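Structure first, commentary second.
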Amino acid sequence: MPSPILDLNNVLASSLDRGGIDAARLTPGGDLHDRFAQAHGAVEARRTTGDLGFLDLPYARDTARRVAELAESFGQWFEDVVVLGIGGSGLGAVALREALLGPAWNERSDDDRGYFPRLHVLDNPDPRTVEGLLDRLDLRKALFVVISKSGSTAETMAQYLVARERVGLVVEPEKLRGHFLFITDPEKGALRRLAEAEDIPTLPVPANVGGRFSVLAPVGLLPAAVCGIDIEALLDGAAEMEAACRDAALATNPAGALATVLWAADTELGHPIHVLMAYADRLRAFTLWFQQLWAESLGKVKGEGHVGPTPLPAVGATDQHAQVQLFMEGPRDKIVVFLAVDPPAADVTIPDLHPSVEQLAYLGGHTLGELLDVERRATTEALRLGARPSVTLELGAADAHTLGALIMLFELATVYAGALYGVDPLDQPGVELGKRLTYGLMGRSGYDAPTFPEVDDRWRIGRVSG
Ligand code: PA5
């Protein structure tokens, strides 16, 4: 069984004073066990029709080698790499950078980064953010990686146009194309056409891999490799998890067990809010990647109704001083998935400076990593004592191998959950209307601007009259 290890003890009825899942339901012959076996069968059927391209990514080693070669050549030329991509085309790169290089990668000195480039990700077209970054960088030494599966996302295309104009102001026309790399559909879309017309280098997002399932495609691998992350280890971990999850037995399929427990928590136990609480700053961005994956995949119309859990990111111990009060005493509508990480080898010892001050003395001689992990265990137990369910994913060292496994675990859990909820986790029809209205308002041909309802100024409260 590959790490991470999924510990379900604190969701079982035997651990909680009220609620919880009877363990027998998860064992062969139990209804949840059998329900998962059906969901597993539905997912395997979609695998055979070729819908689930993300399951093949850990084995696409030729692509990984091409990514590594390109990354090495770019890494030698550029000091800054800027990803332009939103949603599934941007969140994975940030999650990998922070988890494996630390949140302060871009602040480190060249020497400290081993002369690998800084990695920036622009997702939101907020003019202050975009301008702030473009102003700060030496654009003669910057590579822009434009990532869009569709090749037409307004936010990303707008940023590309801005970046291209800016780079064009400081480099000669014949060198311009060398500052861009496109990661897009292998055949379709405007970016693909532009790349062909201008001989801009490209990497593919396989046609059967959607944005939020694409972090192990060049979408996530190229930004990771350019900063020196071991992408082969990432893929090895993902492959191990993918292989482990071919088994329909819930007790040996961690993604299946996680999906089944979270689905039952929502649909049976009244816990539609799924908190992912990481006890490591490095995993903060990973919790945001999960939030998008879970929300966009599972929030769907079903028949006449609507389904979908609400994912809620959290980081321990910080959120013990922000959200945990709500988790402990607020509505019983949450289940927490803890991410537990081993302390680093170079842990920080807390010095024993005030042995006579009782509020400080007990800390001396312990380490910060020990304190953080104790806080996680204490919070888990406090929730359990309050009959608030949780599960824990134990990640060990949280290195590239484990992160690859964790990514595959959550992606698989998402498609299993889709089958359990009875929705298609691969589409996102709910975002289309907003996109069409944006196109209309921005004047794109073929799209109508909406006629907004008349605004009643009496309800624009706070407006200064006169
Ligand atoms: O997960 C998804 O499919 C979406 O979040 C997309 O990644 C996002 O909308 C960006 O799309 P694209 O890669 O086509 O620019």
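Taking every lysine pair in the chain that is 8 or more places apart or spans two chains, those with Cα atoms closer than 27 Å amount to 14. Remark on region 1-106: ratio of C-alpha radius of gyration to 2.2 N^0.38 Å is 1.63. When DSSP beta bridges are restricted to pairs lying wholly in region 85-238, around 0% turn out antiparallel.
Sorted from greatest to least, the principal axis extents spanned by the alpha carbons of region 317-401 come out as 43, 38, 19 Å. Computed in the context of the full set of protein chains, the accessible area of the chain at 1.4 Å probe radius has 54% of its extent on carbon or sulfur. Per residue, the average separation of C-alpha pairs within less than 8 Å and at least 6 apart gives the chain a relative contact order of 21 percent. Solvent-accessible surface of protein heavy atoms, probed at 1.4 angstrom with all chains present, puts Ile200, Ile5 in the order Ile5, Ile200, largest first. Applying 1/(1 + (r/R0)^6) with r as the Cβ-Cβ distance of Ala158 and Leu353 and R0 = 45 angstrom yields a FRET efficiency of 0.25. Each helix, a run of at least 4 DSSP H residues, gives -39500 (n - 2.57); summed and divided by the residues of the chain, these come to -13500 deg cm²/dmol at 222 nm. A dipole drawn for the chain from +1 and -1 charges on Cβ atoms has a positive end, and of Ala207, Leu293, Ser14 the residue lying farthest that way is Ala207.
Inter-label distance, Arg66 to Asp31: 5.0 nm, where each label sits 7 Å from its Cα along the C-beta direction.
For region 336-466, averaging the sequence separation of C-alpha pairs within contact (under 8 Å, six or more residues apart) and dividing by the residue count gives a relative contact order of 20 percent.
Averaged over its residues, the chain has an accessible area of 47 Å² per residue, based on protein heavy atoms and a 1.4 Å probe. Of all DSSP bridge pairs formed entirely within the chain, close to 15 percent run antiparallel. Here the contact order of region 54-229, divided by its residue count and restricted to Cα pairs under 8 Å and six or more residues apart, works out to 33 percent.
Shape verdict for region 54-229, please, from the Cα gyration tensor: rounded (a/c under 1.5), prolate (a/b greater than b/c) or oblate. The shape class here is rounded.
Note on surface exposure: Thr184, Thr438 rank Thr438, Thr184 by accessible area, highest first, 1.4 Å probe. What's the center-to-center distance, using Cα atoms, between region 288-363 and region 400-421 in Å? Here the two parts' Cα centres lie 19 Å apart. Loop sites by DSSP among the GluC sites (Glu not before Pro) of the chain, restricted to those with at most 13 other Cβ atoms within 10 angstrom, leave 1-186 as the longest stretch without any of them.
For region 26-132, the list of chymotrypsin sites (Phe, Trp or Tyr not before Pro) that fall in a loop by DSSP and count at most 15 other C-beta atoms within 10 angstrom reads Tyr115. For Asp185, the solvent-accessible surface computed with a 1.4 Å probe is close to 10 Å², ligands and nucleic acids excluded. Distance from the alpha carbon centroid of region 1-76 to that of region 141-180 works out to 36 angstrom.
When nucleic acids and ligands are ignored and a 1.4 Å probe is applied, Tyr447 ends up with an accessible area of around 80 Å². Rounded to whole Å, the principal axis extents of the Cα atoms in the chain read 68, 66, 63, largest first.
The values are calculated or read from the model by the stated rules, or taken from the named source; none is laboratory data. This is a predicted model, so every value here is computed, not measured. Note: ideal-geometry Cβ built from the backbone for every residue, glycine included; neighbour counts use all protein chains shown. When the accessible area is computed, the model is the full protein with side chains, heavy atoms only, and any ligands, DNA or RNA have been set aside. Shrake-Rupley method; radii C 1.70, N 1.55, O 1.52, S 1.80 Å.
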